[in-house]
1. If I filter the stretch 80-87 for residues that are modelled with pLDDT under 90, exposed (fewer than 13 other Cβ atoms within 10 Å of the Cβ) and either closer than 30 Å to LYS122 by Cα or under 27 Å from the mean Cα position of the chain (by Cα) (or both), do I get at least one hit?
2. Pairs please, first residue from the stretch 91-113 and over 17 Å from LYS76 (Cα atoms) and in the same structural domain as LYS81 (by TED's automatic domain parsing), second anywhere and β-branched (Val, Ile, Thr) and outside any helix (DSSP H, G or I), Cβ atoms under 8 Å, 6+ apart in sequence or on different chains.
3. So, in the stretch 75-121, exactly how many residues are among the basic types (Lys, Arg), farther than 20 Å from SER60 by Cβ and in a helix (DSSP H, G or I)?
4. Mind telling me which of the residues LEU21, LEU46 ends up being surrounded by 10 or more Cβ atoms within 10 Å (Cβ to Cβ), at pLDDT 75 or above and not basic (Lys, Arg)?
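The values are calculated or read from the model by the stated rules, or taken from the named source; none is laboratory data. These numbers come from a predicted model, not from an experiment. Note: ideal-geometry Cβ built from the backbone for every residue, glycine included; neighbour counts use all protein chains shown.
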Amino acid sequence: MPTKYSETAGESNSVIDLMFLCYDSAELDQHSILLESCLSSDHAPLTVIIPLSKEFIQTSKLILAPKSGQESQFIKDIILKFKDLDMTSIKDIDKLEQVIKQFSMIIDQAWTKNAKKSKISKHSKQW
């Protein structure tokens, strides 16, 4: 879009083209101003190299529907296994970390057992 309109016949309007790059980024600050391509214009083309890479796009996720039978069973499984954790001999950080890892495994196993795979779509809720 012109930034200055000349009222004199035969004079060109002036245009400023801008290109915003990522400051101090070796990846996204690879730009060139092609002065040899100006021709009769006072504008020089701007180019930038934008690296592209493959990206994993998740199409499904595991869910537990609120107030479902699976959610109830998930909670029951955690409570049942939690009761078996030996927390009487937590005397140092190493023992505490062991108990936390065991509890984490209990949750992971209950989740894997009870969660259902759900397809992600444009109608999926944002969390």
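1. Scanning the stretch 80-87 turns up no residue that is modelled with pLDDT under 90, exposed (fewer than 13 other Cβ atoms within 10 Å of the Cβ) and either closer than 30 Å to LYS122 by Cα or under 27 Å from the mean Cα position of the chain (by Cα) (or both).
2. Short answer, once both residue conditions are applied: LEU96/ILE90; VAL99/ILE90.
3. Count: 4.
4. Numbers: LEU21 fails: at pLDDT 75 or above.
After ruling out the rest, the residue left standing is LEU46.
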